[in-house]
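Q: The structure is given below, and queries will be raised subsequently.
The values are calculated or read from the model by the stated rules, or taken from the named source; none is laboratory data. Just so it is clear, the model here is predicted, and its values are computed rather than measured. With ideal geometry, Cβ positions are generated from the backbone for all residues, glycine too; neighbour counts draw on all protein chains shown.
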Amino acid sequence: MTAVLPPLPTYDDAQLVVAAPADGPGNWAGAASAVLVDGTFWLTYRVRRPLTDGRGVAVVVARSEDGVHFEEVCQVARESFGCESFERPALVPLPEGGWRLYLSCATPDSKHWWVDSLTAATPDALPGGRRQPVHGGGLHAGVKDPVVVPTEDGWEMWLCHHPLATRGQEDRMSTHRLVSKDGLRWMDLGEVLVGRPGRWDARGARVTTILPGEPGEGLRVLYDGRPDAASNWFETTGVARWQGGRLVAEDVEPIRSPHSDGAWRYASAVALPDGRTRLYVEAARPDGAHDLVTCLLGEQRPAA
């Protein structure tokens, strides 16, 4: 299948948004989710430290007028959810007013994950917002890294599943599609994206963002993949298109960082008024830390 996207971004295109919390492997700022509301960019991301320092220690909500320079609005600490670690959050404005923050929470002393939420009138009030469960996973699956988007009838979620039945194989991943009327109670429509044996995404495939498109175009997504268990945490990014009730990977080379572990993952796309798309990505830097960076995709429309 031939890719129809404009030239994809590279590490050379990127601008720093949030630096890793310290130097060296395991120090990561990233796993971001972003939206543009009334001219303001809202961003949420996970701050992670090495295993010896506690992994995903906090989720930050920040705002910006230009999409590059952000100021922190608030933080949610993992201790407030009794979890061992946070992974990718998702931030959404609600149609009836208010905001919801979805949180990926690790069950202590296990490979299990679940998704919880906080809802508040304003982003700065989210740490003290109303806590509500979203998806508990189960005995045989951990769930995390939700991508939540509004639809005409409610909400759609693309959710990463990790099978837990086989010890030592819990890092494998696939993506399920879910729908909801209220963004809290979800119907799982099944698995829609899996890894391809023998390819760069053989170990798993996780949808990370829906790409903006023109009316009538097919749905396209960016997704994370990796070839083996050793590449866990160092995923690279590919492209897939909706076809026949599933997502089908396009035949393009994955986007990767040229540095250290090569990670270029957790892309989040924001459609801009000028026709371009701003991506936020967690990218490896030379010392092994991961920074949160941004880059632009597409061409700017001529002014009217």
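Q: What is the residue count in region 272-304 for residues that are in contact with a Leu (Cβ under 6 Å, 6 or more places away or on another chain) and without any contact (Cβ under 8 Å) to a residue 60 or more places away in the chain?
A: 1
Q: If you don't mind, there's one more thing I want to ask. Does Tyr266 meet the test of being within 17 Å of the chain's Cα centre (by Cα) and closer than 22 Å to Ser64 by Cα?
A: Judged against the criteria, Tyr266 is a match.
Q: For region 148-174, which residues satisfy the criterion of being buried (at least 19 other Cβ atoms within 10 Å of the Cβ), closer than 16 Å to Gly136 by Cα and touching a His at 6+ places or on another chain (Cβ under 7 Å)?
A: Scanning region 148-174 gives Leu159, His161, Leu164.
Q: Moving on to the next point. Are there any strands (runs of 3 or more DSSP E) wholly within region 26-117 with 3 or more residues that are under 23 Å from Pro273 (Cβ atoms) and at pLDDT below 95, and if so which?
A: So the answer is none; nothing clears 3.
Q: Would you point out the residue of region 221-245, among those that are assigned to a strand (DSSP E or B) and over 15 Å from the mean Cα position of the chain (by Cα), that is farthest from Leu178 (Cα to Cα)?
A: Arg226
Q: Can you tell me which residue among Val248, Val252 is more than 27 Å from Val68 (Cα to Cα), in contact with a strand residue (DSSP E or B) (Cβ under 8 Å, 6 or more places away or on another chain) and part of a loop (DSSP other than H, G, I, E, B)?
A: Working: Val248 fails: part of a loop (DSSP other than H, G, I, E, B).
It is Val252.
Q: Another question, if that's okay. Is one or more of the residues making up region 234-244 closer than 25 Å to Val47 by Cβ, surrounded by fewer than 21 Cβ atoms within 10 Å (Cβ to Cβ), touching a Gly at 6+ places or on another chain (Cβ under 9 Å) and touching a residue at least 24 places away in the same chain (Cβ under 8 Å)? Full working, then the answer.
A: Filtering region 234-244 for residues closer than 25 Å to Val47 by Cβ gives 234-237.
Imposing the further condition that a residue be surrounded by fewer than 21 Cβ atoms within 10 Å (Cβ to Cβ) reduces the set to 234.
Next, from what is left, pick out any that are touching a Gly at 6+ places or on another chain (Cβ under 9 Å): 234.
Imposing the further condition that a residue be touching a residue at least 24 places away in the same chain (Cβ under 8 Å) reduces the set to 234.
Checking region 234-244: at least one residue is closer than 25 Å to Val47 by Cβ, surrounded by fewer than 21 Cβ atoms within 10 Å (Cβ to Cβ), touching a Gly at 6+ places or on another chain (Cβ under 9 Å) and touching a residue at least 24 places away in the same chain (Cβ under 8 Å).
Q: With respect to the numbered conditions (1) within 26 Å of Pro50 (Cα to Cα); (2) under 20 Å from the mean Cα position of the chain (by Cα); (3) not aromatic (Phe, Trp, Tyr), which one is the sole condition not fulfilled by Glu250?
A: Glu250 satisfies every listed condition except (1).
Q: Just checking, does region 268-283 include any residue being hydrophobic (A, V, I, L, M, F, W, C), modelled with pLDDT of 95 or more, buried (at least 24 other Cβ atoms within 10 Å of the Cβ) and assigned to a loop (DSSP other than H, G, I, E, B)?
A: no
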